[in-house]
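Engineer: Questions regarding the structure given below will be posed in turn.
The values are calculated or read from the model by the stated rules, or taken from the named source; none is laboratory data. Fair warning: this is a prediction, and the values are worked out from it, not measured in the lab. All Cβ positions, glycine included, derive from the backbone under ideal geometry; neighbour counts span all protein chains shown. Side chains are part of the model used for accessible areas, which takes the heavy atoms of the whole protein and leaves out ligands, DNA and RNA. Shrake-Rupley method; radii C 1.70, N 1.55, O 1.52, S 1.80 Å.
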Amino acid sequence: MKIHHLRNATLVIETEQYVILVDPMLGKRKTIAPFTIFRYKPKRNPLVALPKNSREILSRVTHCIITHLHPDHIDKAGEVFLRRKSVPVICSVKDEKSLLQRGLNIIQTLNYWEPQPFLGGRIIGIPALHGYGFISKLMGNVMGFFIELTNEKSVYISSDTIFTEDVQKVLIELKPDIATIACGTARLDIGQPLLMRMEDILRFTALAPGKVFANHLEALNHCPTTREQLKRALTENNLLSKTAIPSDGTSVDY
């Protein structure tokens, strides 16, 4: 298995048989309004362009998983890509109506914690809580995914979440070989962080039974944590060896 990191939360899981796109934010730089105006500099998003090799990787996509509807996880360009190629889309049952209205080819919807057959293996929708305190209510529903395919390593796409009992349950009971984690510590102008604080990133990484794949970094104006800061914290806690912090356009072989 190979996981390609394109930008922010957009990644591609490549197996022997399938190429699964996750959360396609595929637009050009500065096509989305700033997510904060006061707390951090009001720069338009995304802050960086898609890597040069993304077109070739995207040309091979066979399926797409969407965790939630925020524009940094599916933007207009992402929708156009999925519509044009009529890519089969898997999502939360809560997002089905909205994505159908956008003309996407929804082939499978999931409820939380209900396993379903998926590409010869299985997939489970995992609850995600997008923020600490009241801000999570404003952020709406998010779904993580646990994916097990035949003769492949299992993958947990935790998506935009803080550390919760559900997250802990996946790591302890389902024991994913690879766990992705959003590490940008995003914040709006109001409220607490929308993603895990550093202590929870470290807790997640320590608890993960296999490898950890860190993303959601250095692509949005409301995500202050840098790759270097994350690397330093992981190093200080002897967790760097199990964690990949990929640059945009790079891939990790598992």
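Engineer: Net charge around Gln101, counting only other residues with Cβ within less than 11 Å of its Cβ (Lys, Arg = +1; Asp, Glu = -1)?
Structural biologist: Around Gln101, the surrounding residues sum to -1.
Engineer: Oh, and also: Under the Karplus relation 6.51 cos²θ - 1.76 cosθ + 1.60, θ = phi - 60°, what is the ordered set of whole-Hz ³J(HN,Hα) values for the stretch 47-57, x standing for Gly and Pro?
Structural biologist: 3J(HN,Hα) across the stretch 47-57, in whole Hz: 6, 10, 7, 5, x, 4, 7, 5, 4, 5, 5.
Engineer: Shifting gears a bit: Hey, can you grab everything whose amide H is under 5 Å from the amide H of Ile65? Only 5+ residues off in sequence or another chain; H modelled, so Pro and N-termini drop out.
Structural biologist: Leu21, Val22, Asp23, Ile90
Engineer: So for the chain: antiparallel DSSP bridges make up what percent, rounded to the nearest 5?
Structural biologist: Among the beta bridges of the chain, antiparallel pairing accounts for roughly 55 percent.
Engineer: Before I look further, what does the chain give for accessible area per residue, probe 1.4 Å, in whole square angstrom?
Structural biologist: Ligands and nucleic acids excluded, the result is 43 Å² per residue.
Engineer: Further question: How big is the charge dipole of the stretch 120-254 about its Cα centre, in debye rounded to the nearest 20, if each Lys and Arg gets +1 on its Cβ and each Asp and Glu gets -1 on its Cβ?
Structural biologist: Charge dipole, the stretch 120-254, about its Cα centre: 140 debye, nearest 20.
Engineer: With a ≥ b ≥ c the root eigenvalues of the C-alpha gyration tensor of the stretch 35-96, is it rounded (a/c under 1.5), prolate (a/b larger than b/c) or oblate?
Structural biologist: oblate
Engineer: By the scheme Lys and Arg +1, Asp and Glu -1, what is the net charge of all other residues having a beta-carbon under 10 Å from that of Pro224?
Structural biologist: Spelling it out: positives minus negatives among the neighbours equals +1.
Engineer: Of Tyr156, Tyr18, which has the most accessible area and how do the rest follow, probe 1.4 Å?
Structural biologist: Tyr18, Tyr156
Engineer: Give the distance, in whole Å, between the Cα centre of the stretch 131-184 and the Cα centre of the stretch 6-57.
Structural biologist: Result: 19 Å between the Cα centres.
Engineer: Just want the answer: with Cβ charges of +1 for Lys and Arg and -1 for Asp and Glu, which residue in Met1, Ile107, Val87 is farthest toward the dipole's positive end in the chain?
Structural biologist: Val87
Engineer: If you plug each phi of the stretch 122-130 into the Karplus form 6.51 cos²θ - 1.76 cosθ + 1.60 with θ = phi - 60°, what whole-Hz ³J(HN,Hα) values come out, in order, with x for Gly and Pro?
Structural biologist: 8, 9, 10, x, 10, x, 10, 10, 8
Engineer: Output the peptides 176-188, 206-218, 42-54, 71-83 sorted from most to least packed, where packing is the average of other Cβ atoms within 10 Å over each peptide's residues.
Structural biologist: Result, highest mean Cβ count within 10 Å first: 176-188, 206-218, 71-83, 42-54.
Engineer: With a 1.4 Å probe and every protein chain kept in, tell me what percent of the accessible surface of the stretch 59-181 is carbon plus sulfur.
Structural biologist: 52
Engineer: Using the Cβ atoms and a cut-off under 12 Å, what net charge is assigned to the surroundings of Ile178, where Lys and Arg are +1 and Asp and Glu are -1?
Structural biologist: Net local charge, Ile178 excluded: +1.
Engineer: Oh, and also: Which one, (1) 17.3, 53; (2) 17.7, 65; (3) 16.7, 49, gives Rg and Dmax of the Cα atoms in Å as derived from the coordinates shown?
Structural biologist: (3)
Engineer: Another question, then. At a Cα cut-off below 30 Å, give the lysines reachable from Lys242, other chains included and same-chain residues fewer than 8 away excluded.
Structural biologist: Straight-line reach from Lys242, under 30 Å: Lys2, Lys52, Lys153, Lys169, Lys175, Lys211, Lys231.
Engineer: Mind putting a number on the dipole of the chain about its Cα centre? Charges go on the C-beta only, +1 for Lys and Arg and -1 for Asp and Glu, and I need it in Debye to the nearest 20.
Structural biologist: Here the size comes out at about 940 debye.
Engineer: Once amide H atoms are built 1.01 Å from N in the peptide plane, which residues 5 or more positions from Arg29, or in another chain, come under 5 Å H to H?
Structural biologist: Those qualifying (amide H under 5 Å, at least 5 residues apart or on another chain) are Leu50.
Engineer: For the chain, with the dipole built from +1 on Lys and Arg beta-carbon atoms and -1 on Asp and Glu ones, taken about the Cα centre, which of Ser59, Ile20, Gln116 lies farthest toward the positive end?
Structural biologist: Ranked along the dipole, the leading option is Ser59.
Engineer: Just to make sure I understand: if all protein chains stay in place, what is the order of Thr31, Thr205 by accessible area at 1.4 Å, largest first?
Structural biologist: Most to least solvent-accessible, the answer reads Thr31, Thr205.
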